[in-house]
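Undergrad: Structure provided below as structure tokens; questions to follow.
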Amino acid sequence: MQSNKKLLIIGAHWPNPNGSGTGTRMIQLIETFQSQYEIHFATVLPIDDNFCNRHTIYGHRIELNNQSFNEFVGEYSFSHVLYDRFMIEEQYSWRIRKVLPECIHILDTEDLHFLRKAREEAYLKDFIVNFDNEYTYREIAAILRVDYSLIIANYEIELLKSHFNIPLEKLVFVPFLYENIECPIVNFDDREHFVFVGSGKHRPNIETIKLLKNSIWPLIRQSLPKVELHIYGYELPAFVNQMHSKKEGFIVKGYCENIEIELSKYKLMLAPIPYGAGIKTKIFDALKCSLPINGTVYLWEGISSEKIALNSIETIDKQLFVSKSVKLYQDHSLLGELLNYQLELCNTLLKRQTTVKKVLLNTILVGSSSKLSIEQRMIRYFSQKQYEFFSRFLEQKNINS
């Protein structure tokens, strides 16, 4: 669609919906914004012409720490810019503000990285959850610098409001924008085995696979000696591939381009996720294939109404998880009941998507940087100077070399 409003999206790479939930989310945002904006997508990687043609957008290859980027944004006079995570905002926002001072800056957090990182540290080191670290400072500062941040889950909005005093008018609730899930009728007699799906680039998925391999799957296998657990994932590390054992029924399948076809073969997804943040796309992938899930509170956080303590990690009762998994696998009526319950849970969230899209577009279209408080302007000014000087140093270093 031709529009006098031009939206520049800056990402670390081209979105890949088969690789992770972040790719799916970015494509949903592109499709939503296309009704009002001319969309341009920029990254340091070579232009993906197939992606651009498929989604009817303009693609650009940009350089990091280079004056050519300033000239690029000046040439197109973008009215809005969307950053794919806070690290991208740190690198480019100061340049855009110098060239286009009226441009509206939007941050897609995808999930709150500092929350996931703090929980990861607490889980791996058996500490309390601690937000007092550089990762938190950087992401919160980016949220304060931009005009709007897209937040995927309500509990993350509540955290930003209550713990960090982020003004609500800067936060826009945007969950995954799927259509309501209408899964096909399933006969569980035609299905077999357990399955887990998760990108190898996402640390909570790796910890889940390790937990399954070392603690949970051996116990399930004792009760169901002929049943297998199949592991799918994009860019799984070598040590995960080495976990493959036909004897143990632990089958590492790796990357699958059309995961929905494969998921339709299984009885139950196992997802004992020990920590995380945001909303997990594996839920929607599974339910679209009439595949129920046995998961932890962290899997359902952002969809269910269950509250999770912020200062500690919820311990997984492994014996309870194992016994529930075995019972579900053997009782098809329980599987059906679980599937219906989980569908209702997700569709309750998805019913809001029309309203979410309207709020998203209306809020950002009329957005203005004039709403920033003096404190937010100070944070923008001083932190922006830091990134500017570091970027200029690297730029000059590249010239000299």
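The values are calculated or read from the model by the stated rules, or taken from the named source; none is laboratory data. Quick caveat: nothing in here was measured; it's all calculated off a predicted structure. Don't worry about glycine lacking a Cβ; one is built from the backbone with ideal geometry, like all the others, and counts go over all protein chains shown.
Undergrad: Inspect all residues belonging to the stretch 362-376 and state whether any of them is aliphatic (A, V, I, L, M), closer than 21 Å to residue 175 by Cα and surrounded by 12 or more Cβ atoms within 10 Å (Cβ to Cβ).
TA: Taking every residue of the stretch 362-376 in turn, at least one turns out to be aliphatic (A, V, I, L, M), closer than 21 Å to residue 175 by Cα and surrounded by 12 or more Cβ atoms within 10 Å (Cβ to Cβ).
Undergrad: Let me ask you something else. Out of 330, 396, which single residue is in the same structural domain as residue 212 (by TED's automatic domain parsing) and farther than 29 Å from residue 119 by Cβ?
TA: On the way: 396 fails: in the same structural domain as residue 212 (by TED's automatic domain parsing).
The unique qualifying residue is 330.
Undergrad: Turning to a different aspect of this structure: Run residue 138 past the list (1) surrounded by fewer than 20 Cβ atoms within 10 Å (Cβ to Cβ); (2) in contact with a Lys or Arg (Cβ under 9 Å, 6 or more places away or on another chain); (3) part of a helix (DSSP H, G or I) and report the number of the one that doesn't hold.
TA: Result: residue 138 fails condition (2) only.
Undergrad: Scan the helices (runs of 4 or more DSSP H) fully inside the stretch 300-399 and keep the ones with 2 or more residues being under 30 Å from residue 220 (Cβ atoms) and among the β-branched types (Val, Ile, Thr).
TA: Values: elements: 318-330, 332-350, 353-365.
Helices (runs of 4 or more DSSP H) meeting the threshold: 318-330.
Conditions (1) touching a His at 6+ places or on another chain (Cβ under 9 Å); (2) small (Gly, Ala, Ser); (3) surrounded by fewer than 17 Cβ atoms within 10 Å (Cβ to Cβ), marked per residue:
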site: 32; (1), (2), (3): no, no, no
site: 35; (1), (2), (3): no, yes, yes
site: 53; (1), (2), (3): no, no, yes
site: 87; (1), (2), (3): yes, no, yes
site: 111; (1), (2), (3): no, no, no
site: 126; (1), (2), (3): no, no, yes
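Undergrad: Among the numbered criteria (1) farther than 22 Å from residue 232 by Cα; (2) modelled with pLDDT of 95 or more; (3) not in a helix (DSSP H, G or I), which single criterion is violated by residue 50?
TA: (3)
Undergrad: Select, from 333, 373, 368, the only residue that is of a type in the set (Ser, Thr, Tyr) and at pLDDT 95 or above.
TA: Exactly one residue qualifies, and that residue is 333.
For every residue, the table says whether it meets (1) farther than 30 Å from residue 28 by Cβ; (2) touching a Ser or Thr at 6+ places or on another chain (Cβ under 6 Å); (3) of a type in the set (Gly, Ala, Ser); (4) buried (at least 19 other Cβ atoms within 10 Å of the Cβ).
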| residue | (1), (2), (3), (4) |
| --- | --- |
| 173 | no, no, no, no |
| 244 | yes, no, no, no |
| 267 | no, no, no, yes |
| 275 | no, no, no, yes |
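Undergrad: Within the set of pairs 6+ apart or on separate chains, which have a first residue in the stretch 9-35 that is at negative phi, a second that is buried (at least 20 other Cβ atoms within 10 Å of the Cβ) and assigned to a loop (DSSP other than H, G, I, E, B), and C-beta atoms under 6 Å apart?
TA: Sorted first by the residue in the stretch 9-35, then by its partner, the pairs are 19/234; 20/199; 22/110; 23/15; 26/15; 27/15.
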